[in-house]
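Okay, so here's the structure we're looking at.
The values are calculated or read from the model by the stated rules, or taken from the named source; none is laboratory data. If you're wondering where the values come from, they're calculated on a predicted model, not measured in any experiment. We place every Cβ from the backbone using ideal geometry, glycine too, and count neighbours over all the protein chains shown.
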Amino acid sequence: MAEAIQQLILDILEKHSSIKDTRQLTLPGQSSQAASQDEQIAILGALNSLLSREMITYETHETLSHALTEEGAQLSLTGSHEARVWAALPERGAGEPVAPQQLKTLVGDETAKVGQGRAFKAGWIAKEGGGLVKAVSEIKDTTQLELRDVDSTGTLEAGEKSLADLRKRKLITQRKGQWFTVHKGPGFSTSIAKPETDLTVEMLSSGSWKTSTFKKYNFEADGIPTNGGALHPLLKVRDEIRNIFLEMGFEEMPTDTFVESGFWCFDALFVPQQHPAREVQDTFYLSDPTTSLDPPKDYYERVSAVHSKGGYGSTGYRAPWSHEESRKLLLRTHTTASSASMLYKLAALCRGEKVSDDVLNSDIGGPAPTGDGSGDKGDGFRPAKLFSIDRVFRNETLDATHLAEFHQVEGVVADRNLTLADLIGFMRVFFKKMGLENLRFKPAYNPYTEPSLEIFAFHPDLNKWVEIGNSGMFRPEMLEPMGFPKDVRVHGWGIGLERPTMIRYGINNIRTLVGHKTSIDEIERYPAVRF
Ligand code: PHE
């Protein structure tokens, strides 16, 4: 249809060189002229399409026309209320006058109410006895005639006054309309060539490009949305944090051990075997398999001894040691389990074990320091800066900010004679890079660090201090059984990944961030990270 209208317009222009009023066109398949707005809209579509090829130009003219309301349409079929009242009454003397109540049953409430008044005013009906009769024998239902007129032409010969009257009676409404005047354009032709959309090799080699018409660029068009993947906010923030560590010369620890033994998660860290964190309420234990392989025998013995009997200047816990407790398999509750096994590897040279360069380079990072840097005193110790960002599991009650699994960020530094000031300094530098300048530290307790500090940061958006993590100097009871020399100190800290991510992205329920309620659309829309 659209193309047929275009062709029609072109053919008429070819003959008459212009179209004065598009309402006078007879569209393909129609028998009458295109007076209706729907037809003018169809014509407009065709005009715009021809205009874009410069085949025509056109001008728009605005009209005000009228259309029947639902009631108007009804009355144009049945006659006006007043005419129906008149028709329902007997001629004077020719029958019983109709009582007002009876009229309602004859023509309906609405027609009786509206029609009576208007029929009286027109002198069509009169009162007789207690009822109503016809006052004239013939009437002309002007309202009905006018409505029919409006319906077919959109206006009235009788003029604005009658139109206003019908509008007031809500029988017609005003409608804006358009019609068009059309002229030939610079690219006029009677055949609509489909414009080329691409310049092809064939066109170039045959030379047909010289005579082809090309579709114009539409610079207003939206591009096709790119269909790419999107990083989850946790991954974006993980990347930022990883970059800070790398920039500060840290090596990433392997953290693929979601399942650990009680030994590495707790015992090696000098967490007492009776510690509440080890209870089932806090730790998920595996039911199959339930027990781990044995850890290195000598080390295991030194660890069990420092727990139960003491050593290295410590009295130990003096509580009975349980081999079963130590071998239980569990989902790690913190990434410090990975730090412990990395530190144990780092101390291998101090224990006099042979370690292949491969292991040293890949797991611990970098070759041994040479020369007389703080590292090498001939006892095999090499300083290290290690970090990890990975998932941990705790048997917690789920709420808006806690899930049973989350991510920890952990930074660990091993060097000779480190002090608490080094730890605090390190954290200040690190967190500043994350955008947190205002830090406070509060003395705390960790079984594996002494002293221990809780880390608080002032959050400008939330306008309050929030606890962000935990830190401390690892205890000699943990480091010395591994084989580190006495002057080696290791400090570390851990923070969650979810909390800074939620703050950064303004998410206040963890279920919006992780799990099946996460909206993929949102994830695609989240902005790239900022510091
Ligand atoms: N493991 C601690 C936690 O889970 C964080 C920590 C890491 C504390 C290293 C001190 C040293 O909260």
Within region 247-255, is there a residue that is among the hydroxyl-bearing types (Ser, Thr, Tyr), in contact with a helix residue (DSSP H, G or I) (Cβ under 6 Å, 6 or more places away or on another chain), modelled with pLDDT of 85 or more and surrounded by 13 or more Cβ atoms within 10 Å (Cβ to Cβ)? yes
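What number of residues in region 189-228 are of a type in the set (Gly, Ala, Ser) and surrounded by 10 or more Cβ atoms within 10 Å (Cβ to Cβ)? Step through it out loud before you land on a result.
Narrowing region 189-228 to residues of a type in the set (Gly, Ala, Ser): 189, 191, 193, 205-208, 212, 221, 223, 228.
Adding the requirement that they be surrounded by 10 or more Cβ atoms within 10 Å (Cβ to Cβ) leaves 189, 193, 206, 208, 212.
The qualifying residues number 5.
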Hey, can you tell me all the residues within region 388-414 that are away from the ligand (no atom under 15 Å from the Cβ) and either closer than 20 Å to Phe474 by Cβ or among the charged types (D, E, K, R) (or both)? Asp399
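Of Gly316, Gly352, which residue is at pLDDT 95 or above and either over 18 Å from Tyr285 (Cβ atoms) or of a type outside the set (Asp, Glu) (or both)?
On the way: Gly352 fails: at pLDDT 95 or above.
So the residue among Gly316, Gly352 that is at pLDDT 95 or above and either over 18 Å from Tyr285 (Cβ atoms) or of a type outside the set (Asp, Glu) (or both) is Gly316.
Does Ser162 meet the test of being surrounded by fewer than 16 Cβ atoms within 10 Å (Cβ to Cβ), more than 51 Å from the chain's Cα centre (by Cα) and among the polar types (S, T, N, Q)? Break it down into steps so the answer makes sense when it comes.
Working: surrounded by fewer than 16 Cβ atoms within 10 Å (Cβ to Cβ): no; more than 51 Å from the chain's Cα centre (by Cα): yes; among the polar types (S, T, N, Q): yes.
No, not satisfied.
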Listed by first then second residue, the pairs whose first member lies in region 235-252 and is in a helix (DSSP H, G or I), whose partner is surrounded by fewer than 20 Cβ atoms within 10 Å (Cβ to Cβ), with beta carbons under 6 Å and at least 6 positions apart or on separate chains, are Lys236/Val529; Glu240/Val529; Ile244/Lys433
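Within region 468-476, identify whether any single residue is within 15 Å of the ligand (Cβ to nearest atom), more than 35 Å from the chain's Cα centre (by Cα) and not in a strand (DSSP E or B), and answer yes or no.
Residues of region 468-476 within 15 Å of the ligand (Cβ to nearest atom): 468-476.
Next, from what is left, pick out any that are more than 35 Å from the chain's Cα centre (by Cα): 471-476.
Pick out the ones that are also not in a strand (DSSP E or B) and you get 475-476.
Within region 468-476, one or more residues are within 15 Å of the ligand (Cβ to nearest atom), more than 35 Å from the chain's Cα centre (by Cα) and not in a strand (DSSP E or B).
Identify, please: which residue in region 330-348 is in a loop (DSSP other than H, G, I, E, B) and hydrophobic (A, V, I, L, M, F, W, C) and is, among those, nearest to the ligand (Cβ to nearest atom)? Can you show your working first?
We begin by selecting, within region 330-348, every residue in a loop (DSSP other than H, G, I, E, B); these are 332-335, 347-348.
Those still in the list that are hydrophobic (A, V, I, L, M, F, W, C) too: 347-348.
On the way: Ala347: 17, Ala348: 21 Å.
Looking at the filtered set, the residue picked out is Ala347.
Would region 286-297 turn up any residue that is assigned to a helix (DSSP H, G or I) and either surrounded by fewer than 22 Cβ atoms within 10 Å (Cβ to Cβ) or within 16 Å of the ligand (Cβ to nearest atom) (or both)? Give the steps one after another, and end with the answer.
Taking region 286-297 as the starting set, the residues that turn out to be assigned to a helix (DSSP H, G or I) are 297.
So of that shortlist, the ones also either surrounded by fewer than 22 Cβ atoms within 10 Å (Cβ to Cβ) or within 16 Å of the ligand (Cβ to nearest atom) (or both) come out as 297.
The answer is yes; a qualifying residue exists.
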Looking only at residues that are part of a strand (DSSP E or B) and polar (S, T, N, Q) in region 49-78, which one is surrounded by the fewest Cβ atoms within 10 Å (Cβ to Cβ)? Thr60
Among the residues of region 171-185, write down those that are modelled with pLDDT under 90 and of a type in the set (Lys, Arg). Arg175, Lys176
Only residues in region 253-280 that are over 17 Å from Glu450 (Cβ atoms) count as the first member; pair them with residues that are of a type in the set (Phe, Trp, Tyr) and not in a strand (DSSP E or B), Cβ under 6 angstrom, at least 6 apart or cross-chain, and list the lot. Arg278/Phe266
Go through region 435-449 and give me each residue that's in a strand (DSSP E or B) and either within 10 Å of the ligand (Cβ to nearest atom) or surrounded by 15 or more Cβ atoms within 10 Å (Cβ to Cβ) (or both). Leu439, Phe441, Ala444, Asn446, Thr449
Condition set over 24 Å from His459 (Cα atoms) and modelled with pLDDT of 95 or more, scope region 490-531, selection surrounded by the most Cβ atoms within 10 Å (Cβ to Cβ): answer is Val490
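Results for (1) hydroxyl-bearing (Ser, Thr, Tyr); (2) under 44 Å from the mean Cα position of the chain (by Cα), shown as yes or no for each residue.
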residue: Phe263; (1), (2): no, yes
residue: Gln273; (1), (2): no, no
residue: Ala277; (1), (2): no, yes
residue: Gln281; (1), (2): no, yes
residue: Tyr300; (1), (2): yes, no
residue: Gly316; (1), (2): no, no
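How about region 398-429: which of its residues are within 28 Å of the chain's Cα centre (by Cα) and either under 12 Å from Val490 (Cα atoms) or assigned to a loop (DSSP other than H, G, I, E, B) (or both)?
Correct list: Leu398, Ala400, Thr401, Leu403, Ala404.
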List pairs: first residue in region 300-319 and surrounded by 18 or more Cβ atoms within 10 Å (Cβ to Cβ), second residue in a loop (DSSP other than H, G, I, E, B) anywhere in the structure, Cβ distance under 6 angstrom, at least six positions apart or on different chains. Ser304/Trp321; Val306/Gly316; His307/Gly316; His307/Tyr317; His307/Trp321; Gly316/Lys309; Gly316/Gly310; Tyr317/Pro272
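Restricting to region 477-508, what's the tally of residues that are assigned to a strand (DSSP E or B), touching a Leu at 6+ places or on another chain (Cβ under 9 Å) and more than 21 Å from Pro296 (Cβ to Cβ)?
First pass over region 477-508, keeping only residues assigned to a strand (DSSP E or B): 488-496.
From the residues that got through so far, the ones that are touching a Leu at 6+ places or on another chain (Cβ under 9 Å) too are 488-493.
With more than 21 Å from Pro296 (Cβ to Cβ) added as a condition, the list becomes 489, 491-493.
Total satisfying the criteria: 4.
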Is it true that some residue in region 480-491 is away from the ligand (no atom under 13 Å from the Cβ), within 30 Å of Ala305 (Cα to Cα) and among the basic types (Lys, Arg)? yes
